[in-house]
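The values are calculated or read from the model by the stated rules, or taken from the named source; none is laboratory data. Because the structure is predicted, anything quoted here is derived from the model rather than measured. Note that each Cβ is placed from the backbone with ideal geometry, even for glycine, and that neighbours are counted across all protein chains shown. Surface areas here come from the heavy atoms of the whole protein model, side chains and all, with no ligands, DNA or RNA. Shrake-Rupley method; radii C 1.70, N 1.55, O 1.52, S 1.80 Å.
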There are 4 protein chains.
Amino acid sequence: MNFRSDNEAPVAPEILHALCNANGGDAPSYGADRWSLALDEAFSECFETPVHVLPLVSGTAGNVIALSQVCPPYGAVFCHDEAHVLVDECGAFEFYSGGAKLIPLAGDHAKLAAATLEDRLGWFGVKGDHEPIPAAVSITQGTEYGAVYRPDEIAAISTVCRAHGMRLHMDGARFANALVSLGVAPADLTWRAGVDLMTLGFTKNGALAAEAVVLFDTDLVAGLSRRRMKGGHLLSKMRYVSSQLLACIEHGRWLDFAGRANAGAARLGRCLATSSEAALAHPVEINEVFVRLDDALDRRLRDAGFDYYPWPGTEGVSRLVVPWNVADEDLRAFEAVVSGA
Amino acid sequence: MNFRSDNEAPVAPEILHALCNANGGDAPSYGADRWSLALDEAFSECFETPVHVLPLVSGTAGNVIALSQVCPPYGAVFCHDEAHVLVDECGAFEFYSGGAKLIPLAGDHAKLAAATLEDRLGWFGVKGDHEPIPAAVSITQGTEYGAVYRPDEIAAISTVCRAHGMRLHMDGARFANALVSLGVAPADLTWRAGVDLMTLGFTKNGALAAEAVVLFDTDLVAGLSRRRMKGGHLLSKMRYVSSQLLACIEHGRWLDFAGRANAGAARLGRCLATSSEAALAHPVEINEVFVRLDDALDRRLRDAGFDYYPWPGTEGVSRLVVPWNVADEDLRAFEAVVSGA
Amino acid sequence: MNFRSDNEAPVAPEILHALCNANGGDAPSYGADRWSLALDEAFSECFETPVHVLPLVSGTAGNVIALSQVCPPYGAVFCHDEAHVLVDECGAFEFYSGGAKLIPLAGDHAKLAAATLEDRLGWFGVKGDHEPIPAAVSITQGTEYGAVYRPDEIAAISTVCRAHGMRLHMDGARFANALVSLGVAPADLTWRAGVDLMTLGFTKNGALAAEAVVLFDTDLVAGLSRRRMKGGHLLSKMRYVSSQLLACIEHGRWLDFAGRANAGAARLGRCLATSSEAALAHPVEINEVFVRLDDALDRRLRDAGFDYYPWPGTEGVSRLVVPWNVADEDLRAFEAVVSGA
Amino acid sequence: MNFRSDNEAPVAPEILHALCNANGGDAPSYGADRWSLALDEAFSECFETPVHVLPLVSGTAGNVIALSQVCPPYGAVFCHDEAHVLVDECGAFEFYSGGAKLIPLAGDHAKLAAATLEDRLGWFGVKGDHEPIPAAVSITQGTEYGAVYRPDEIAAISTVCRAHGMRLHMDGARFANALVSLGVAPADLTWRAGVDLMTLGFTKNGALAAEAVVLFDTDLVAGLSRRRMKGGHLLSKMRYVSSQLLACIEHGRWLDFAGRANAGAARLGRCLATSSEAALAHPVEINEVFVRLDDALDRRLRDAGFDYYPWPGTEGVSRLVVPWNVADEDLRAFEAVVSGA
């Protein structure tokens, strides 16, 4: 009854099976294996447009390799002030980019609004060389507070980006959850809405360690793989990463896993919303619930064996994350504790 | 009648004279000249304690060389959210430190309060490896809004630093102005109050290009000069920098220059404070005035030939900076325009 | 019949089994799982001294995280001019270290000699700040040309290191092969001979993706895990890496795998040594054979289905690498082709 | 009688005079002054083509800002194995470029030959992502051993650069000396021969601290000034640098200074060439003499008050550098000591 993090769940059997199946005999190293070579085609089909895919094992690596590809050392990336790349990656962006700047912007539910971005750009750069050049915007889908960007919201941000010569990056650590939440196609949430490149995560969604940088603007490809190498992220036996990536999107598995997690969070959210002992801090749109719990309810939940984290920097907000493999009895038990007040 | 910046003023004759006097014959290069070799002793006397001095020509370079000496790539430096090192140096800190983080904190008049720092440290680092290690605090004396830190305020910040194993750095771009404003000794505003190292600027105060990193904790010296070299800041003919530094502190010239500038700003501040057409945005404590001017007064001042900048990121605040060589007639003319309303 | 690289071989069943076994239920993320927590003890036993272990998935990451821990941005690391970290990692060291320098030194069979190091240090640093500070030496065990360092050779290098205040790092990508080759204990080739820290690789030796930085001088631990995070190398589901590491050293499996590979290479080396159509370029001491093949023999081998790489930067030298799972019939087939000349 | 370094000589009176003349009244800061604004036109005339000029105070800064503009972090710059940027700048290039690689090449008299470059490129990059991408070549004019590249030699290198998509950079720390030596126009040694950008130094040639990055390919300008800011090299009172630069090229002063220094070195070289106690290590083509001196002659010269450095990394070679202001009597005295053997 662990709602601490979707990173604590085990690997889905289908994905582990695919990884083990990749173990037959020799395979060329450093991404020349047949699984890695199949990625571009498989993801191009999934996204309904030609894409380039760079397999990785770490979402942080994906974010910072992608962003340093579109932001020079003297550039700036605008993001929400709760963005993972800003507050949870120990300066990986600043390191990989050669000292570029992240410019934090406020926004409800950890969502960046096009108008806020536009406002900030209005007086950004008035100091000339003393300020970096606006290079990119990074948005997180779903956000750090469990909200989702609708296609039109992304398109509005993209319009601002294009007007200022900036690229739009998406941190898609929980992209599948957003897809399921909105019931739209991958293309609708990305390139059709103006996203240039994304970090696409599967690890939180049932994979062992499988992430990818996906380029919709394939002009960006030059240098990308060298940046991966320079960061020490070119694995010699890449087939064991690429086979996971393929297995995740095959048969829509990533959507199944995310759907189960979302549905679980929705159930938690619904029962908490009706409780007089709890107040949701943010709408529940993916597999995360942010909630203020009365001490009594908090104690009952913990006594019943539920675990979850207080959220740093907030006053009394707890985060519950529902994993891909959540059990129905755990959800029922949770509901019972909440309603039993 | 230029109140745009103290960087636009000419070099004081005494300092230029000293520079020209250093031009007699050969001198060893790269800081082995007699002017450079005399720095440690001269500044140690000035600060009443043994210090190590690294001559430089740029305050930004001084800030980032000093801070990267006390903050590892995986470290964090806490500063005010208007700090020059955060908003005006185009990511120089992130570059020199190898991608370390600046953590912005709020505070009136661009001053950091010990309590604010303490609060932020209370929940900093709860995410473990995902957050950098607190390494240093950087305060600006006088601040970006023309305020000064009193010795007890600095000591309170230093106490927090020491409790958390952090170093205290001072950006002293207008340190002489703060000294004059408070009427205290250099030692009182630095090591006696717990400052470990500082960037000490003379360029805004009548020098041509003369800055220094001053180490009060001389254990920090190892590697400092290599960092200067690596940044391309070891000048071959260093005598022309060091001779300026010596000339500035000789005969208390830096205090004379700063005193004149402060007095000028005080006059501007006093007449604006009594005007119904103006509202001071911050107390006037050094050579800078931040003020909201009614359109009519703004127009009259500009028509009379006064020049100054609107301050970026604010609504209607103008900044007036008074240089070391301000002329009495300019001050009188300003007063006349203001009172003539 | 693939002698291209030990990175092309599949994962050993025992290791894959251990990885799959780690998939039961939830486990704390980011290295707080029980496999990761067991590493220090397991490796301390293996090395007969308390060590600290940082699990990773990439040898390049291991090398550069380890070296940047002992070499400041203004430092220098001495290595052989064929060292992997110098010529095969796309500048990862320069990136991670913040621009430190690798100083290449010559030496037979890609081995660094203590005397060569001593000589170079004799005139290193005479230019003062214009040169970096000697910080560390990195040696590769077995070397890039398949040679091994004996304990006394390592100790001699360590003596020079200590005399100059430098740390000794070992790139142990094929450390197990060296252990088997020399028939000594892990301790004998590392801390007992003066090695301070090492990168220990298992991926070339039957693992899926399992590397580790091993610290013998545990004073070096501060900051190490933050450097891993900053590089994007802190995997959320670390248990799948750590379980491999444990499986490799359990029951001496790493030595078994390496022993089989070494024995295979020895057989190749022996038959080539007696052929008039081949000339060994280096002694065969681990699982690699460097050889000049006459065109006729090269053609016969390739016609028979053997594959291997010409070695870049050499004239006509081929490299054959024998994997952990080499089949006896492949070795016999090779011998037949060679002797059938 | 100091032949240690041209960095030890004083500033030429004409240049110091120009600097002092720039001190009249206020001037816009950060390069918006009229001296700085005049640079592009003045240097465009001098080079007979439109150029962009970035004023600086350090040649190391010029080299690394220029090179990081044309070499991405995953790129490589080829240079001579004695190049200043490789061996004398404490890793400034690796730092500024974000960890790019310098690839050293051999060549007589510290000159790079087009054929050597071509050869190296023949097997560079065969390792794919494990090697950086060839981005630029950097040549030093005059070289670190006092030789000069003729226009046809530069053009041959440029041809190789263009064939491989690389830029050609010139470190022109002693460019004026090369101009005088060859008796050609600045254009002939730069863009007409295929140089894309250069670091042009005046400090060793009579200036106080005046260097410039000169772009012949003005497409490279974007980001260049931000890189300068990020390095802490945007001086607030830039007029005092730019006025030096203008004074140097006005009336051909830089050629006069260099001509005097070259002529002095030629005299030293001629008398040493005829001495049985000396052997020139390199042809004397600019203001530097590299020579092996018998102990007796070395002792006589030092007893007579001459000073010069043994050259690091060589056996018994001394370097004598003749400054812009060398006195005829010093040259005569030197000749007397040599011939008096």
Legend entry - Identity of the residue in the range A:290-323, open to solvent by 20 Å² or more (accessible area, probe 1.4 Å) and of a type in the set (Phe, Trp, Tyr), that ends up nearest to residue C:26 (Cα to Cα): A:309
Legend entry - Sole residue being open to solvent by less than 20 Å² (accessible area, probe 1.4 Å), more than 14 Å from chain D (Cβ to nearest Cβ), under 18 Å from the mean Cα position of the chain (by Cα) and farther than 30 Å from residue D:210 by Cβ, chosen from B:258, B:265: B:265
Legend entry - Test set (1) within 25 Å of the chain's Cα centre (by Cα); (2) in a helix (DSSP H, G or I) - residue A:318 fails condition number: (2)
Inset, instruction - Give just the number: which of (1) hydroxyl-bearing (Ser, Thr, Tyr); (2) within 14 Å of another protein chain (Cβ to nearest Cβ); (3) open to solvent by 30 Å² or more (accessible area, probe 1.4 Å) does residue C:276 not satisfy? - result: (2)
Legend entry - Pick from the range B:216-235, criterion basic (Lys, Arg) and touching a residue at least 60 places away in the same chain (Cβ under 8 Å), ranking: surrounded by the fewest Cβ atoms within 10 Å (Cβ to Cβ): B:228
Legend entry - Residue count, the range A:104-132 (criterion: outside any helix (DSSP H, G or I), within 12 Å of another protein chain (Cβ to nearest Cβ) and open to solvent by 20 Å² or more (accessible area, probe 1.4 Å)): 6
Inset, instruction - Determine, yes or no, whether residue A:203 is among the polar types (S, T, N, Q) and open to solvent by 10 Å² or more (accessible area, probe 1.4 Å). - result: no
Inset, instruction - Identify, by number, the condition in (1) within 20 Å of residue D:64 (Cα to Cα); (2) open to solvent by 20 Å² or more (accessible area, probe 1.4 Å); (3) not acidic (Asp, Glu) that residue D:168 doesn't meet. - result: (2)
Inset, instruction - Looking for whichever is in contact (Cβ under 8 Å) with a residue 24 or more places away in the chain and under 30 Å from residue C:25 (Cβ atoms) here; the options are C:212, C:187. Which one fits? - result: C:212
Legend entry - Qualifying positions in the range B:178-193 - open to solvent by 10 Å² or more (accessible area, probe 1.4 Å) and within 11 Å of residue B:287 (Cβ to Cβ): B:180, B:181
Legend entry - Tally of residues being away from every other protein chain (no Cβ under 11 Å) and either in a loop (DSSP other than H, G, I, E, B) or surrounded by fewer than 24 Cβ atoms within 10 Å (Cβ to Cβ) (or both) across the range B:43-84: 14
Legend entry - Positions within the range B:85-103 being more than 7 Å from chain A (Cβ to nearest Cβ), part of a helix (DSSP H, G or I) and more than 25 Å from residue B:152 (Cα to Cα), in sequence order: B:87, B:92, B:93, B:96
Legend entry - Within the range A:133-153, considering residues that are within 14 Å of chain D (Cβ to nearest Cβ) and aliphatic (A, V, I, L, M), the one nearest to residue A:78 (Cα to Cα): A:135
Legend entry - Unique match (being over 16 Å from residue C:241 (Cα atoms), of a type outside the set (S, T, N, Q), part of a helix (DSSP H, G or I) and out of contact with any Lys or Arg (no Cβ under 7 Å at 6 or more places or on another chain)) among C:178, C:185: C:178
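Look at residue A:208 and say whether it is more than 14 Å from chain C (Cβ to nearest Cβ), within 16 Å of the chain's Cα centre (by Cα) and among the aliphatic types (A, V, I, L, M).
For residue A:208, the condition - more than 14 Å from chain C (Cβ to nearest Cβ), within 16 Å of the chain's Cα centre (by Cα) and among the aliphatic types (A, V, I, L, M) - is not met.
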Legend entry - Members of the range A:113-147 that are within 22 Å of residue A:287 (Cα to Cα) and touching a Cys at 6+ places or on another chain (Cβ under 7 Å): A:138
Inset, instruction - Kindly check whether there is at least one residue in the range C:12-33 that is closer than 30 Å to residue D:132 by Cβ and open to solvent by less than 10 Å² (accessible area, probe 1.4 Å). - result: no
Legend entry - Total residues in the range D:1-23, condition more than 7 Å from every other protein chain (Cβ to nearest Cβ) and free of Cβ contacts under 8 Å to residues at least 40 places away in the same chain: 1
Legend entry - Qualifying residue in the range A:78-95 (condition: on the phi > 0 side of the Ramachandran plot and touching a strand residue (DSSP E or B) at 6+ places or on another chain (Cβ under 6 Å)): yes
Legend entry - Which numbered condition residue C:10 fails, given (1) farther than 25 Å from residue A:239 by Cβ; (2) outside any helix (DSSP H, G or I): (1)
Inset, instruction - Those residues that are over 26 Å from residue A:19 (Cβ atoms) and either of a type in the set (D, E, K, R) or out of contact with any strand residue (DSSP E or B) (no Cβ under 9 Å at 6 or more places or on another chain) (or both), I need them from the range C:219-251; list them, please. - result: C:219, C:226, C:227, C:230
Inset, instruction - Determine whether residue C:247 is open to solvent by less than 10 Å² (accessible area, probe 1.4 Å), of a type in the set (A, V, I, L, M) and touching a Pro at 6+ places or on another chain (Cβ under 7 Å). - result: no
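A quick yes/no check of all residues on (1) among the aliphatic types (A, V, I, L, M); (2) farther than 30 Å from residue D:9 by Cβ; (3) touching a helix residue (DSSP H, G or I) at 6+ places or on another chain (Cβ under 7 Å):
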site	(1), (2), (3)
B:17	no, no, no
B:55	no, no, yes
B:82	no, yes, yes
B:102	yes, yes, yes
